[in-house]
Amino acid sequence: MGSHALHPLLAAKARITTLHQHDGTLYAGCADGSVRYYDGAELKASYQLSRRQIDALAVLPVSGLLVVLAGKPFLVKADPDQTVSLYKLDHPSRAKVLTQARYAQAFAATTYMAPGKPSEGSATAAKTRRDLLVVGCSKKVVVYGAGARLGEAWELTLPHTPRAVIFPAPVYADLPGAVHLLYSPSASTLLHIKASPAANRLSATDLPMTGYPASRDGTRPAVPDSGWGRLGGFMRGAALPVGTRTVGGEVALVRDDLGVFFSSEGNFTRDESLHWPTVPEALAFSNPFLYSVLPAAAAVAGQPASLPTIQVHLAPTLTLRDTITFPAPTTGSLSVAAVNVGATSTDGRKSSKLLLVSTPTDRTLALEGSTIWEVRGTDIGEQVDELVREGRVMDAIGLVEAVGDTGLEETQRLPRLRILNALAQFARGEYQPALETFTVFNVNPAKVIALYPRTAISGNLAVPREEWMKLFGAVEGARLEPEVLPVIASPKPSVIRNAHLALARKKSNDTIASVASTSREHPDSPPKIMSPPPMDDETLPRKAVDELIYYLSDRRQKLGGAIPALKDPLPAEADLPSLSEVHAAMIHDLPDGPLIDLDPEQLLRTAQVVYTSLLKVYLVARPSLVGSLCRIENWVDVAEVEPLLREKGRIDDLRDLYMQKGMHDKALGMLLEQAKEEDDPLDRYPPTVRYLEKLGPKHLQLIFDSSRWIFEEDPGRGLQIFTADEPEVDALPRDKVVAFLEEVDWKGGITYLEHVFELGDTSPELHDKLVELYLRRLKSATGSERDEALKTLLAFLNDSTHYRPYRLLSKLPVQNAPEAQAVLLGRLGKHDEALRLYIYTLKDYAAAEAYCARVHAKEPERGLFLHLLRLYLRPVKEEVLVAPALALVARHGKRMDARAVLDLLPPLVPVKELHDFFLRTLGDERARRNEHRITRGLLAARKAQAERLVVGLEVKRVRVTDQRICPQCQKRLGQSAIAVHAPRGEVTHLHCKDLFSERLARARA
């Protein structure tokens, strides 16, 4: 039994040529020029609107008009050519002919949201719903409703005549950016509508006529006829173009016997086309199915004429789901005159209703009229279960994706279907997408491990292939892959094959083409099912192992976030049976879902499965990664992997595993024994260094004891234990580390302290200790080494702000480093003593001036430059330093009081030496006076302006009575706080002030 069937809706006593559904009413256009209104199967009204047959109908819902495409209207004298007329929907007695749309061939209508006029008191214009009508005429297109009113027509001349018009979407938030105009079965264009000047508001872009994606069987359309002669005029007798919109702005167009899918930009939306056995006469989309009406084949001598058929394809995957044949009349065949999809509402849910019109081809039967049929499908949930039982999980996913699972009896089907599809992919050898899906949906890792061979990886978790679907919770009787049907050699008697297509849309992580779906759709040829690569202990596909590594690595990362988030700690591994002792069914029954939702025991078992399996996989495929796994915190079941590590000779990895279990003494003993056997330093020291770096502050004394032999042999490598970029190293108590280093290698202590200061340490004790070590190095250095050591010490003293100068000053003799003592005195605020050291001890006048400049930049009020000048010219016991004093005055005279400088200078100093000083000082004084005069003038002007403003405001008054109304909110002012608006004196509530001010500003603009 098929999933779709035809149900007769009504039998009309007239030949129906077109249908339209709107708001629960069915409009039927007839060959005699009448339009009939139906409510279900009941005829509500009939109106004779034309003497010629009705070719198309549409409703403009906003305007309440019925759009009719026919010949000469019955009530209006007009040209006998094809015309488009508008009638009132409730009483179509008078017609309004769209005179600009003469020689009309097709039209389409929609609605869109157009900008309206802003409401009073609002700056934003509200949008209004409007109708839009696009009419394809002889070598032109006319657009109604895009301008200021519905009657305003926009025209665009075209090279050919549009025979069909398709909007990519049912409604629009603005003017449609693209409308498909179909010239012929092989040529079409995109009409662009913009709210622009007349010259640019309509434009057209032709769609490609070649390069269509091939169908799955490799079929491509024939090269279209390059001559356009048959497209001229009205294309009398030529095949009409066929197409329909789907979802998301996509449009399906018939190109010969292929269905090609285009976007609103004119690009192909799918990498495969849909292939029919013959060119369809009509196409319709009702989510999630694409309906194609295939014509009846002509009668052959000795055989009756066949009947039209309807092919139902699943739109997301383009898989043929069903084929429907019309009931045969008593004689002759049938023709399908119209196909229409309308929206209905059932139990508060919106759905689509597909109607078709059939008319007998026999002239005698045709006089009895046409029949309107409704296509109905079975329950979506039943279709999904049936597809899973058949092994066509990908098609089941496409079905649920299109309709959503909210309306199904069982919700949340889509995630479970994706998991089952991943299982089918795994069985076909598509390991990467399968394991990615298992990761996304947080499948229990034990189920994934169960798909791998027992001896190599899964152990007692292994499950036979025939029980995989049951393990993953599929419906009873579900197949892992579609059944392979036998090849039937004899040809089918029917002209229309029942099922021959299985085309998928673009492959992605969410939608992978189901290879298994071809088994039903190709009954005349052998099914093409990919044979999965063998997987056993002897032949394990490399790709399967690699993808398992990626999967387990991801689970390991998720465990790292879930375990710390637990409210209760994980139980100790020693308190539970080992993983190999637990029954496999208990591990398989662990729930799917985020790891953070598991309880502590479930999470521990999951961690054991992940880490133990990952270590086994590493041993099989990537032995180089075994060590890294053993070195980090892990939940490997030691009892299960210890024999494997010893068998493979992975002693180092076993040592690292011991480390994670807390057996550090034993591990370090193994390292020391191995180091004694090595002569190469690269093999002798790094293992112990790396091990000690990972121990952390809890084992500080063990680190010190185990590292002494390294410092004795190679202090540089020993220092790496305390400077490595590891969180355990950063957590070590630095004061104790410095004390240890000062004992075994004090120069290494300098390097260590410099390292921790780069990390941002601000401890005063450590900064003091580094200064002491610098001084120790300075005392023992000579020559250029001493200069470099002094330079380093001074740079640190000048840059750092975390040491304690009063403590260091007491430990620093002047004769060893007077430069350092001067810096420390400056930090204590003893600037006089510091300057005396620079002047009289070091004789470094430039350093003294630089010192004054640094202090002046921070504390200019101290007048340190003047104090330095006083030391030069008024020494207590030392000689007078006139030359440095004059140089100081020349360079920094602006920073000193001129009168004080002149008082300090000796009387016999030549004026020529002070020429620059006087010019600079007098210039600065004059500039200050001018600035003061300008400032005083500006303040006086500002005061006068403010006084005039106050006087002007004080003379203005407004009168507020009980009847005075706020012009903004139209409420009485009363006793509320008010605001007066200049210049006319409008009075509003204080809280209405801002809105009314904006209103006044817009009125003045």
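For an R0 of 41 angstrom, estimate the FRET efficiency from the Cβ-Cβ distance between D589 and D206 and round to the nearest 0.05.
With a Förster radius of 41 Å, E is 0.10.
So, by mean Cβ neighbours within 10 angstrom, what's the order for 52-58, 683-689, 146-152 with the highest one leading?
For the peptides 52-58, 683-689, 146-152, the packing ranking is 52-58, 683-689, 146-152.
Provide the net charge surrounding D656, with neighbours chosen by a C-beta distance below 13 Å and charges set as Lys +1, Arg +1, Asp -1, Glu -1. Walk me through the numbers on the way to the answer.
Working: positive: R631, R650, R655, K661, K666, R690, K694; negative: E633, E642, D652, D653, E693.
With Lys, Arg at +1 and Asp, Glu at -1, the neighbours total +2.
Residues of the range 822-859 with backbone nitrogen within less than 16 Å of a virtual label 7 Å along the Cα-to-Cβ line of L904, please, listed as ranges.
Under cut-off, by backbone N: 831-840, 845-857.
Sort the following peptides by mean Cβ neighbour count (other Cβ atoms within 10 Å, averaged over residues), highest first: 434-442, 929-937, 463-471, 731-739.
Per-residue Cβ counts within 10 Å, averaged per peptide and sorted highest first, yield 434-442, 731-739, 463-471, 929-937.
Give a residue-ordered list of calculated ³J(HN,Hα) values for the range 926-941 (Karplus: 6.51 cos²θ - 1.76 cosθ + 1.60, θ = phi - 60°; whole Hz; x for Gly, Pro).
5, 5, 5, 5, 4, 5, 5, 5, 5, 4, 5, x, 5, 5, 5, 5
Which of rounded, prolate or oblate describes the range 858-909 when judged by the alpha-carbon gyration tensor and an a/c cut-off of 1.5?
Prolate is the answer for the range 858-909, as a/c is 1.5 or above and a/b outweighs b/c.
Suppose every K and R has +1 on its Cβ and every D and E has -1 on its Cβ; what is the size of the dipole of the chain about the Cα centre, in Debye to the nearest 20?
Values: 123 positive and 123 negative charges, 1386 e Å.
Here the size comes out at about 6660 debye.
Can you give me the relative contact order of the range 957-1004 as a percent, contacts being Cα pairs under 8 Å and 6 or more apart?
Relative contact order of the range 957-1004: 30 percent.
FRET efficiency for A847 and L759, Cβ-Cβ distance as r, R0 = 45 Å, nearest 0.05?
Numbers: r = 32 Å, r/R0 = 0.71.
So, using R0 = 45 Å, E works out to roughly 0.90.
Could you go through the range 212-218 in sequence order and give the Karplus-derived ³J(HN,Hα) for each residue, using 6.51 cos²θ - 1.76 cosθ + 1.60 with θ = phi - 60°, rounded to whole Hz, and x for Gly and Pro?
In residue order, the calculated couplings are 5, x, 7, 6, 5, 7, x Hz.
Quick check: the distance between the Cα centres of the range 786-847 and the range 670-740, to the nearest angstrom?
Taking the Cα centre of the range 670-740 as reference, the centre of the range 786-847 is 37 Å away.
Using θ = phi - 60° and the Karplus form 6.51 cos²θ - 1.76 cosθ + 1.60, what ³J(HN,Hα) does each residue of the range 776-781 get, whole Hz, x for Gly and Pro?
5, 5, 5, 5, 8, 9
Determine, for F107, F796, the number of other Cβ atoms within 10 Å of each Cβ, and report the residues in order from fewest to most. Write down the numbers at each step before the final one.
Working: F107 26, F796 18.
Going from sparsest to densest Cβ surroundings: F796, F107.
Treat each spin label as a single point 7 Å out from the Cα along the C-beta direction, and report the F441 to W709 distance in nm.
Result: 5.6 nm between the two label points.
Please list, in chain and number order, the residues 5+ apart from A70 or on another chain whose amide H is under 5 Å from its amide H, with Hs placed from the backbone.
D55, T83, S85
Once amide H atoms are placed 1.01 Å from N in the peptide plane, what residues at a sequence separation of 5 or more from G829, or on another chain, have their amide H within under 5 Å of its amide H?
It is none; the list stays empty.
Please say if the chain is rounded, prolate or oblate, where rounded means a/c under 1.5 for a ≥ b ≥ c the square roots of the C-alpha gyration tensor eigenvalues, and otherwise the choice is prolate for a/b larger than b/c and oblate otherwise? Write down the numbers at each step before the final one.
Working: a/c = 3.30, a/b = 1.49, b/c = 2.22.
Oblate shape, in that a/c is at least 1.5 and b/c is the bigger or equal ratio.
Around Y183, which amide H atoms from residues at least 5 apart in sequence, or from another chain, sit under 5 Å from its own amide H, with H modelled in the peptide plane?
R163, S188, T189
Given a Förster radius of 35 Å and the C-beta distance between V980 and A173 as r, what FRET efficiency does 1/(1 + (r/R0)^6) yield to the nearest 0.05?
Working from the Cβ atoms, E equals 0.20.
Net charge near D90, counting Lys/Arg +1 and Asp/Glu -1 over other residues with Cβ under 13 Å of its Cβ?
Details: positive: K44, K88, R94; negative: D23.
Every neighbour counted, the sum reads +2.
Count charges around E986 for me, please; just the other residues with Cβ under 11 Å from its Cβ, Lys/Arg as +1, Asp/Glu as -1.
Around E986, the surrounding residues sum to +4.
Under the rule a/c < 1.5 gives rounded, and otherwise a/b versus b/c splits prolate from oblate, where does the range 856-955 land using the Cα gyration tensor?
Taking the square roots of the gyration eigenvalues as a ≥ b ≥ c, the range 856-955 is prolate.
Please arrange Y851, Y183, Y37 by counting, for each residue, the other beta carbons lying within 10 Å of its beta carbon, fewest first.
Going from least to most buried by this count: Y37, Y851, Y183.
Relative contact order for the chain: what is it in percent, counting Cα pairs under 8 Å that are at least 6 residues apart?
5
Given only helices, namely DSSP H runs of n ≥ 4 each adding -39500 (n - 2.57), what is the per-residue ellipticity at 222 nm of the chain, to the nearest 500 deg cm²/dmol? Write down the numbers at each step before the final one.
Numbers: 33 runs with 362 residues, N = 1005.
My calculation for the chain gives -11000 deg cm²/dmol from helical runs alone.
My understanding is that a pair violates if its Cα-Cα distance is over 24 Å; which of K127/K194; K88/K194; K96/K117; K470/K567; K830/K877 do that in this structure?
Numbers: K127/K194 17 Å; K88/K194 29 Å; K96/K117 28 Å; K470/K567 34 Å; K830/K877 20 Å.
Among K127/K194; K88/K194; K96/K117; K470/K567; K830/K877, the Cα-Cα distance tops 24 Å for K88/K194; K96/K117; K470/K567.
Below 8 Å, C-alpha to C-alpha, sequence gap of six or more: please give me the relative contact order for the range 856-955 in percent.
The normalised contact order for the range 856-955 reaches 22 percent.
So how do H664, H991, H588 line up by other beta-carbon neighbours within 10 Å, fewest first?
Numbers: H664 19, H991 13, H588 16.
The order, fewest Cβ neighbours first, is H991, H588, H664.
If packing is taken as the mean number of other Cβ atoms within 10 Å per residue, what is the order of 92-103, 641-652, highest first?
Going from most to least packed, we get 92-103, 641-652.
Bear in mind these aren't lab numbers, they're just calculated from the coordinates by the rules spelled out. Predicted model only: the values in this text are computed from it and were never measured. Virtual Cβ from ideal backbone geometry, glycine too; neighbours counted across all protein chains shown.
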